[in-house]
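The values are calculated or read from the model by the stated rules, or taken from the named source; none is laboratory data. Only a predicted model underlies this, so the values are computations on that prediction, with no experimental measurement involved. Note: ideal-geometry Cβ built from the backbone for every residue, glycine included; neighbour counts use all protein chains shown. Surface areas here come from the heavy atoms of the whole protein model, side chains and all, with no ligands, DNA or RNA. Shrake-Rupley method; radii C 1.70, N 1.55, O 1.52, S 1.80 Å.
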Amino acid sequence: MDTSSDRGRRAAPPPPPRLRGRLFAGSVVALLCLAGACLIDRTFGVARTYGATGTSLLTLGACLLAMTGLTACIGLGRWQKIHQLAARYRNIHGWVGITTGSLLAMGFLAGTFTLFAAPLQQWSTPPLPPQDARFSAISLTEIPALIGQLPATASTHYRLTLTSPSTARISIPTEPEIPLGVPSPSIIISQPAPHTLHFYRLTPSPVPNFIGGLHRRLGLPLPERWVMPFVGTLCLFYGLALLSGVILLLPGIWRSLMTVRLQGHARRLWLDLHSLLGLCTLPFQLVIALTTALFAFFPLLSVFFGAPASMKPAAGMMAMEQYPTALLSPAAALLQLRNLSPSFHPLTLEYVSGPHGGDNLAERISLQAPLYNANGSCSLPMSEQPYLLAVGTDPFNALIGRDRGSVLMDPQTGTILDSQNLPGQQSPARHFLTWCLALHFGSFGGEFVHWLYAALGLCGVGFFHTANKLWLNTHRLKITGQARPADTPATLWLGRLSEGSLLGCLLGLCSIIALSPLMSHLHSVNKDMMNGTGMPSSSMPAMTQSCQQVRLTYYGCLAFSMVAYCLLSRRLCRSMMTGLSAAALSTAVIVVTLRHSATQDTSSLILTAVFSIAALCLWRGAFRNACTRA
């Protein structure tokens, strides 16, 4: 037996029994905090009195207490110096990091892409034919008369997308639609001549919605309602890892702060990069961990909350069968909104005067929308009540949604039905909740914060990747007489799977972005609309098929990457995955440029430039990996 070699081996043990007991106690404390939120609601009627705002803030507070309690339980016991406390957290910090790092890296990478969901949808949409494109923007004063020319089934629900202060584009949704859910096909109207209308059916791309769902599920191929309890639990441990990492930095923070040592052992380099990224993005990551726990646990805890406050009909609100045909003109609605909130810039006006669905949990599941709803189950009036929904932005206030706020109005009188999502017109509690959600979405501060969050998201990906690299370097076997540590079976396969899953996620995202322009279709439906047959037949089966194709493409790329990493060398796989990702992005840029380069707006042009730069960086990485010696 080679005793000298055995003495040179070094491998960190799993968490000791005492630490596992503290971790179990912390988990119990976290569970009690969440159960306490349900008890408080039952006792004081928070949901009945304050609606979704009160229950959201209650759940947010419970998640904060759960995260803090879980972290504090690890530090229980006697310790005299900060070094002793840091040693207690070091082991649990590493194990939580390696078990959650790959999933969180994929979630952050997909989350960075969701920041560009709206521009990506517009970037993928084909333009109208040249003879109709310039006539799709219709004067606001002509819209009421034009709506009167539409079939009865088309005039009960239509959307005006403002193109200027005095013009708008008219579209008619053909299927139910929920924000951030599967987009509905719609009928686009142009008016090339007086009393002459042309109709086109637009089938949008499902790719932005899929990327959003991928971000919420952390890349797991399971229904969102099954995954969210696991995501919430993972976020609590993610918060534990962040807070314990701060404790680990305390003993030597002033000696190694903002220092990256490029020379020496690889473990030292990964440690410095991991500490630097973690310290610079700590507030951002704590907000992400806390708000994601809110999104995950709220649908689960809402089952145990009391009955929420319901939206009551406003004074003068009429039932559908008594509803008059005269609607508030778009110009009058915009004037009323300007008087209500001068800083609010409307983007769309949606008129609904026919039977409509609600925004409940069942609808969100069927349309693949986020399960968390900051408005609760009363975000829309009852199905027999008409409404006018104005959606827009505000450069001076935080927005409760990903990129916009909204206000609900009576379409006849302009009476405000619900202004809880209107920036600058909210109660203190709603304003606080809005800021909590805006800190997650980056929906404040304009384009600067938007791009800052994109950079922070990529820093988060690097943070988790360096955490995995650091753990793997620490747990490799150091054998006396050998310059490089040897891999154990655990470090070998964990290293391959962690890198393979991250590059597979990148390849999958680039591949479905390349498919996105090809999945958005536009074709004429003049014959169906002019013959008096009403709205064209539903195209949701085609949309469902497109969603399945996107899903198969992404997870096929992910599986291909992970299998390749199991069979081939890492250097070859790294070069192959980055090269394929670069090829996919380059294809997307070329397709969009050839299809409608002349009709792209500013945001689409910026997105084209960003994808082009990203493709060049990926090509450079692929060639560099291919030329690097093993």
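Results, tabulated for the structure shown:
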quantity	calculated
Label-point gap, in nm, between C566 and V610 - each point 7 angstrom along Cα→Cβ	3.5
Cα-based helix-to-principal-axis angle, 266-280 vs the chain, degrees rounded to 10	40
Estimated 222 nm signal from helices in the chain, with DSSP H stretches of n ≥ 4 weighted -39500 (n - 2.57), rounded to 500	-19500 deg cm²/dmol
Solvent-accessible heavy-atom area per residue, rounded to whole Å², over the chain at 1.4 Å	46
Cα-projected label distance for S603 with L222, points at 7 Å along beta-carbon direction, nm	3.4
Cα centre as origin, Lys/Arg/Asp/Glu Cβ charges: region 481-629 dipole, Debye	580
Charge dipole of the chain about the Cα centre (unit charges at C-beta), most positive-ward option of A72, Q191, L115	A72
Helix axis angle, 82-114 relative to the chain longest principal axis, alpha carbon, degrees	30
For region 540-610, convex hull of alpha carbons as volume per residue, Å³	109
Whether region 366-520 is rounded, prolate or oblate, judged on the alpha carbon gyration tensor where a/c under 1.5 counts as rounded	prolate
Rounded D (µm²/s) - region 481-629, Kirkwood Rh over Cα pairs, Stokes-Einstein at 20 °C, 1.002 mPa s	118
Inter-label distance, nm, simple model (7 Å from Cα along the C-beta direction), F432/A332	4.0
Whole-percent carbon and sulfur share, accessible surface of the chain, 1.4 Å	65
Among 30-40, 237-247, the order from most to least packed when residues are scored by Cβ within 10 Å on average	237-247, 30-40
Modelled FRET efficiency - R0 25 Å, T163 with Q545, Cβ distances, 0.05 increments	0.20
